[in-house]
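*Asks:* One structure is given below, represented as structure tokens, and several questions about it will come after.
The values are calculated or read from the model by the stated rules, or taken from the named source; none is laboratory data. In this text the structure is predicted, and so the values were computed from the model without any measurement. For neighbour counting, all protein chains shown are included, and Cβ atoms are generated from backbone atoms with ideal geometry for every residue, glycine included. Side chains are part of the model used for accessible areas, which takes the heavy atoms of the whole protein and leaves out ligands, DNA and RNA. Shrake-Rupley method; radii C 1.70, N 1.55, O 1.52, S 1.80 Å.
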Protein chains: 2
Amino acid sequence: MMKRETLKKQVYEYLREEIMNGRIAPGERLIEEKIAKKIEVSRSPIREAIRLLEKDGLVIVNKRGGVTVFHPDISHFQHLYECRVELEPAAAYYAAQRITKEQIRMLRQHLPSKHEICRQYELKKIHDMNVKFHEGIVEASGNPFLIKTICHLRGINSMYRMAILKRNDLRVELAIEEHFNIFEAIASGCADDARRYMREHIESDYKFYVHLYSERK
Amino acid sequence: MMKRETLKKQVYEYLREEIMNGRIAPGERLIEEKIAKKIEVSRSPIREAIRLLEKDGLVIVNKRGGVTVFHPDISHFQHLYECRVELEPAAAYYAAQRITKEQIRMLRQHLPSKHEICRQYELKKIHDMNVKFHEGIVEASGNPFLIKTICHLRGINSMYRMAILKRNDLRVELAIEEHFNIFEAIASGCADDARRYMREHIESDYKFYVHLYSERK
DNA sequence: TTTTCGTCGACTGTATACAATCATCATTAA
DNA sequence: TTAATGATGATTGTATACAGTCGACGAAAA
């Protein structure tokens with residue numbers, strides 16, 4: 001038996017992937033039975049997987065039942081950031097007050113060393129570290145609602161990046177120094193600084209993507 | 001035919017109600033088949049209804065599959081407010097910038113008149129107006145993510161109130177003046193004031209409930 | 001007495017069949 | 001020609017049957 005995970009989860013991962021990389025186009029309708037035939041499972045796990053996608057905001061339900069792949073646009077991108085710019089700084093604020101020594105140690109590992117930077121490390125790798133850094137901070141906030149909500153927004157966010165930018169422009173080098181400042185503030189328990197630095201960080205991240213978008217129109 | 005809504009939705013409403021008023025106790029496990037037998041529908045709509053409850057945070061899934069009714073405690077209540085105190089002021093901030101004349105008119109209707117206050121209007125009625133007032137502001141923010149997230153938090157919030165306080169203590173009179181200030185700020189487009197007033201409002205709301213809770217322990 | 005093993009019962013995961021609804025399109029009547 | 005009506009197909013909602021898994025309990029062996 002090679003059945004380590006439920007079909008529901010497998011189908012969910014599959015659809016999520018297909019949507020994220022655009023093989024299922026935004027606006028396209030998801031037909032339970034067609035998917036069922038295509039990947040050869042019954043409708044039950046598919047229905048449930050689709051509910052998960054709905055929860056992620058990756059598909060939207062239309063009146064008549066049935067769902068349609070979410071179609072992102074730049075105005076929504078702004079709305080998304082209006083949320084993130086409130087929640088992530090708050091997470092940093094509480095993280096500065098609640099983070100454990102162990103978590104500090106973990107967090108530090110997600111900062112690239114100067115060595116790595118000088119070496120022109122693979123951008124992709126540094127980008128992954130950055131993501132983990134953010135996740136670590138949110139986790140350290142110790143607030144399950146913050147964690148859940150931000151995680152949710154981040155999922156949609158990456159979808160926007162995929163859909164709007166259509167290429168992997170990573171704002172990597174710019175972010176490194178900002179990350180250092182945030183880390184220092186959190187590690188030393190300066191909650192207000194942590195909040196402020198994080199807010200500036202998110203704001204500049206947003207401006208970067210907007211600029212990129214307007215540039216390539 | 002008296003079948004206006006799907007069974008899924010009916011079951012969802014039913015379970016939600018049962019959980020909210022405590023007839024299904026916190027910590028209790030929900031067994032699909034038992035519910036199915038009890039209310040005489042098949043397991044399918046029940047499964048789906050349970051997923052909706054899960055989305056609401058009213059039940060939590062345990063490893064082995066199956067769900068358990070969420071068991072609120074005061075620390076989570078604090079976490080909830082740590083989110084609200086960021087998001088609702090942000091909603092007020094954007095509402096001040098984006099609210100339409102029509103929405104201002106609507107919003108004003110959810111402020112009790114002095115006449116109503118003097119008359120010792122039913123507390124419940126004023127409380128309902130207050131809820132609508134908050135909803136109106138969030139709506140006026142024009143940000144679907146803010147709307148969705150805050151709405152979600154509010155649902156959980158009311159569950160906490162039910163479960164923790166076990167009575168309908170409504171912080172009504174205190175809130176009225178705060179609401180007036182917030183309204184004025186939004187209607188006159190003073191976004192920063194709107195944000196600040198709303199933040200103070202949420203904070204004092206939180207303090208009120210904490211005080212009430214500690215008092216009756 | 002303790003441990004191990006196996007059976008049974010209770011649940012959930014998955015498949016499948018059936019019912020209901022809605023859209024489309026053609027056909028017919030005005 | 002146009003509007004109304006009815007048939008057909010596509011798709012989701014709901015019921016139900018079956019399979020797999022885990023835990024509890026008890027019996028047998030050490």
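*Asks:* Quick check, is B:V85 away from DNA strand C (no atom under 15 Å from the Cβ), open to solvent by less than 60 Å² (accessible area, probe 1.4 Å) and either in the same structural domain as B:S188 (by TED's automatic domain parsing) or free of Cβ contacts under 8 Å to residues at least 40 places away in the same chain (or both)?
*Replies:* Yes: the conditions hold for B:V85.
*Asks:* Can you tell me how many residues in segment A:177-190 are part of a helix (DSSP H, G or I) and open to solvent by 10 Å² or more (accessible area, probe 1.4 Å)?
*Replies:* Final tally of qualifying residues: 6.
*Asks:* Pick out the one residue from A:H71, A:H76 that is assigned to a loop (DSSP other than H, G, I, E, B) and modelled with pLDDT under 95.
*Replies:* Unique residue meeting the criteria: A:H71.
*Asks:* Continuing with this model, one more query. State which residue pairs qualify: first residue under 14 Å from B:Q109 (Cβ atoms) and inside segment B:132-147, second residue in a loop (DSSP other than H, G, I, E, B) in any location, beta carbons under 8 Å apart, and separation of 6 or more residues or different chains.
*Replies:* From segment B:132-147, the pairs are B:K132/B:H110; B:F133/B:H110; B:F133/B:L111; B:G136/B:H110; B:A140/B:I99; B:A140/B:T100.
*Asks:* Being away from DNA strand D (no atom under 11 Å from the Cβ), in contact with an Asp or Glu (Cβ under 9 Å, 6 or more places away or on another chain) and over 12 Å from A:L15 (Cα atoms) is the filter here, so list the residues in segment A:49-69 that pass it.
*Replies:* Scanning segment A:49-69 gives A:K55, A:I60.
*Asks:* Scan segment A:55-77 and tell me whether some residue there is buried (at least 18 other Cβ atoms within 10 Å of the Cβ) and within 30 Å of A:D192 (Cβ to Cβ).
*Replies:* The answer is yes; a qualifying residue exists.
*Asks:* Within segment B:12-45, track down each residue that is more than 20 Å from B:I156 (Cβ to Cβ) and surrounded by 15 or more Cβ atoms within 10 Å (Cβ to Cβ).
*Replies:* Once the filter is applied, which keeps residues that are more than 20 Å from B:I156 (Cβ to Cβ) and surrounded by 15 or more Cβ atoms within 10 Å (Cβ to Cβ), segment B:12-45 yields B:E32, B:I35, B:A36, B:V41, B:S44, B:P45.
*Asks:* Might you check whether a residue that is within 15 Å of DNA strand C (Cβ to nearest atom), within 23 Å of A:T149 (Cα to Cα) and within 17 Å of the chain's Cα centre (by Cα) occurs anywhere in segment B:55-72?
*Replies:* Taking every residue of segment B:55-72 in turn, at least one turns out to be within 15 Å of DNA strand C (Cβ to nearest atom), within 23 Å of A:T149 (Cα to Cα) and within 17 Å of the chain's Cα centre (by Cα).
*Asks:* Mind listing just one residue for me: the one in segment B:137-152 that is facing another protein chain (nearest Cβ under 8 Å) and buried (at least 21 other Cβ atoms within 10 Å of the Cβ) and, of those, nearest to B:K101 (Cα to Cα)?
*Replies:* So, considering only residues that are facing another protein chain (nearest Cβ under 8 Å) and buried (at least 21 other Cβ atoms within 10 Å of the Cβ), the one nearest to B:K101 (Cα to Cα) is B:N143.
*Asks:* Another one. Quick one: what pairs do we get from segment B:12-26, first residue on the phi < 0 side of the Ramachandran plot, second in a loop (DSSP other than H, G, I, E, B) and among the small types (G, A, S), C-beta under 9 Å, 6+ apart or different chains?
*Replies:* B:I19/B:A25
*Asks:* Output the residues belonging to segment B:88-101 that are in a helix (DSSP H, G or I) and open to solvent by 30 Å² or more (accessible area, probe 1.4 Å).
*Replies:* B:Y93, B:Q97, B:R98, B:K101
*Asks:* Hey, any hits in segment A:155-165 for a residue that's over 21 Å from A:E102 (Cβ atoms), crowded, with 20+ Cβ neighbours inside 10 Å and modelled with pLDDT of 90 or more?
*Replies:* no
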